[in-house]
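Only one structure is covered here, and it is reproduced in the block below.
The values are calculated or read from the model by the stated rules, or taken from the named source; none is laboratory data. What you are looking at is a predicted structure, and each value in this text was computed from that prediction instead of being measured. Here the Cβ positions follow ideal geometry from the backbone for every residue, glycine too, while neighbour counts run over all protein chains shown.
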Amino acid sequence: ISPRYIQDKISNSLVGEQPCINPFMVMNELEAGLSHHSLISREEDRKRYKDLLAMVREEYEDIVKNEVQRAIAADEEAISRLCGNYIDNVKAYTQKEKVRNPYTGQDEEPDERLMRSIEEKINIPESRKDDFRREIMNYIGALAVEGKTFDYRMNERLHKALELKLFEDQKDSIKLTSLVSTVVDKDTQEKIEVVKSRLIRDFGYDEISATDVLNYVASIFARGDTKSQES
């Protein structure tokens, strides 16, 4: 497979009425060209290249799912609130204290379900939860000594866990699966437009490609494949 072959297949993808191309169009051209490639005569070689393309498709699918997840969870205020809630509970847990419920005014036990629902997003096992929570509190304490305030962006793993948790909480309200339907209510459409604008702003999509990738990821959710990037 030469650079010229790749270049030719990208050129083929550009032929047509569509205003832009996407990776799937290029991959389809690359695979179609294998059938009559003059330098690929053995079937096992052709199969190997097709298997490699299948791996690329799978990796790209993971990338776009992750980008849509992050676009849905890109509500910084919501992440900050979730982080604050998590830290309050972790602090109470590590110091063997109770948490004041802001709604009832009652002191309650730390919310173990909330803490684990976040920690599990980054594969923190039950046996390691205490270590992880102490690490977080020690880091916050060290920052305080230096006169600094903790921000969830300072801890990449916690940031990722919060995003995944927020995505899980919000994806049903956004109803991505409704994109594959012909009827989308106004409220859902407004939320979808917000996600689309984040894809354009944060990930370099344009209007058409953002719509395409949302429709594609929506089809994944519609068939029940919601594997998230938690590894």
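Restricting the first member to segment 147-161 and to residues that are assigned by TED's automatic domain parsing to the domain that holds Phe132, and the second to residues that are modelled with pLDDT under 90 and crowded, with 17+ Cβ neighbours inside 10 Å, the beta-carbon pairs closer than 7 Å and six or more apart or on different chains are Tyr152/Ile79; Leu158/Tyr152; His159/Tyr152. Among the residues making up segment 132-152, those that are under 28 Å from the mean Cα position of the chain (by Cα) and surrounded by 11 or more Cβ atoms within 10 Å (Cβ to Cβ) are Phe132, Arg133, Arg134, Glu135, Ile136, Met137, Tyr139, Ile140, Phe150, Asp151, Tyr152. One residue is enough: does segment 35-43 have a residue meeting the conditions in contact (Cβ under 8 Å) with a residue 24 or more places away in the chain, surrounded by 11 or more Cβ atoms within 10 Å (Cβ to Cβ) and either of a type in the set (Gly, Ala, Ser) or within 30 Å of Leu164 (Cα to Cα) (or both)? No. Checking every residue in segment 123-137 against the condition of being under 23 Å from Asn66 (Cβ atoms) and touching a residue at least 40 places away in the same chain (Cβ under 8 Å) gives at least one match.
When each of Tyr103, Tyr86, Tyr49, Tyr60 is tested for being farther than 26 Å from Tyr216 by Cα and either surrounded by 14 or more Cβ atoms within 10 Å (Cβ to Cβ) or in contact (Cβ under 8 Å) with a residue 24 or more places away in the chain (or both), the lone residue that passes is Tyr86. Does Val90 satisfy being in a helix (DSSP H, G or I) and under 30 Å from Asn12 (Cβ atoms)? Judged against the criteria, Val90 is not a match.
Among the residues of segment 165-188, those identified as modelled with pLDDT of 75 or more and loosely packed, with under 15 Cβ neighbours inside 10 Å are Asp169, Lys186.
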